[in-house]
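The values are calculated or read from the model by the stated rules, or taken from the named source; none is laboratory data. All figures in this text were calculated on a predicted structure; none of them were measured in a lab. Heads up, the Cβs are rebuilt from the backbone with ideal geometry, glycines too, and the neighbour counts pull from every protein chain shown. These accessible areas exclude ligands, DNA and RNA; they are computed on the full protein's heavy atoms, side chains included. Shrake-Rupley method; radii C 1.70, N 1.55, O 1.52, S 1.80 Å.
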Amino acid sequence: MAKTKIGVLISGRGSNLKSLIDAVAAEDFPAEIALVISSQPKAAGLQHAAAANIPQATIDHRDFQTREDFDAALDAALHMKDIDYVCLAGFMRMLSDKFVDDWRGKLLNIHPSLLPAFRGLHVQERMLDSGVKIAGCTVHFVTPEMDAGPIIGQAAAPVLPGDTVETLSARILELEHKLYPRCLRLIVEGKARISGAVVAYNTGITTSGTLINPPASD
Ligand code: GRF
């Protein structure tokens with residue numbers, strides 16, 4: 001059976017792109033990455049696409065006068081490759097409402113916090129400043145309001161004494177690399193779907209385990 005086609009949009013390092021590339025390499029993964037688009041010509045993540053022989057394109061926002069023109073170029077490139085779902089993975093451009101509406105239910109993002117807490121930028125720094133004891137990441141559908149779309153999945157990690165932005169980011173990133181492929185698979189397999197403002201799982205998905213911080217001392 002033909003695999004579902006994924007487009008991944010990046011702007012930088014591309015470690016989440018790499019985790020998706022590694023995941024789809026499994027024979028039973030129901031999707032393939034058919035296109036990687038970077039908004040930055042020098043994005044390091046493009047090397048992951050090249051190493052995996054995935055078609056890539058750079059669409060530099062500086063070449064376009066308006067956001068709408070830039071988004072139209074993205075849209076055209078995605079349609080050229082018959083892309084079914086788009087994964088934002090460290091894509092640092094705001095998308096226009098039109099683009100988001102056109103791809104509604106097909107556009108996923110990963111964010112390094114347990115949404116709806118800590119939307120926006122400088123998330124890890126803000127988490128440390130606020131004193132939260134549990135951090136994490138979220139994969140969600142994109143809607144016009146930033147970081148506010150239906151949540152597909154989340155993963156949690158403790159904030160530890162002495163954490164810096166770097167150590168906390170690294171701990172969350174490790175979880176991101178597990179969570180994003182898992183959520184993509186659920187969506188592509190139809191095991192999770194949008195139901196109103198939330199994502200509902202089909203029965204059969206069970207979750208266990210607790211994270212308590214500080215942990216019990218005994
Ligand atoms: C990740 O922390 C992701 O959650 C956020 O941007 C970062 C991208 O990292 N949206 P990478 O480019 O995937 O390494």
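Take every DSSP beta bridge whose two residues both sit in the chain; close to 45 percent of them are antiparallel. Full extension of the segment from ALA216 to GLN47, taken as 0.36 nm per residue of separation minus the current Cα-Cα distance, would add 56.5 nm.
A full extension of the chain between SER130 and THR203 corresponds to an added length of 22.7 nm, given 0.36 nm per residue minus the alpha carbon distance.
Going by accessible surface with a 1.4 Å probe and the largest first, MET92, MET127, MET1 read MET1, MET92, MET127. Averaged per residue, the chain has 53 square angstrom of accessible surface, using a 1.4 angstrom probe with ligands and nucleic acids left out.
In plain terms, the chain from ARG182 to LYS3 could stretch by 62.8 nm, reckoned as 0.36 nm per residue minus the Cα-Cα distance. Contact order for the chain, expressed relative to its length and based on alpha carbon pairs under 8 Å spaced 6+ residues apart, stands at 18 percent. Taking the helices alone, the chain has a mean residue ellipticity at 222 nm of -9500 deg cm²/dmol, built from -39,500 (n - 2.57) per DSSP H run of at least 4 residues and averaged over all its residues. For the range 58-159, GluC sites (Glu not before Pro) are listed when DSSP marks them as loop and at most 12 other Cβ atoms sit within 10 Å of their Cβ; the list is GLU145.
The apolar share of the surface of the chain, taken as the fraction of accessible area on carbon and sulfur atoms (1.4 Å probe, ligands and nucleic acids excluded), comes to 54 percent. Counting only Cβ charges, +1 for Lys and Arg and -1 for Asp and Glu, the dipole size of the range 143-194 around its Cα centre is about 380 debye. Between the listed residues GLY105, ASN202, PRO161, the Cα displaced farthest toward the positive end of the dipole of the chain, a dipole computed from Cβ unit charges relative to the Cα centre, is found at ASN202. Structure shown: which of LYS3/LYS133; LYS18/LYS81; LYS42/LYS98; LYS98/LYS133; LYS18/LYS106; LYS5/LYS133 lie over 30 Å apart, alpha-carbon to alpha-carbon? The pairs that break the limit, which is 30 Å between Cα atoms, are LYS3/LYS133; LYS98/LYS133; LYS5/LYS133. Summing Cβ point charges (Lys, Arg +1; Asp, Glu -1) relative to the Cα centre of the chain gives a dipole of roughly 200 debye. Measuring with a 1.4 angstrom probe and ignoring ligands and nucleic acids, ASP75 comes out at about 40 Å² accessible.
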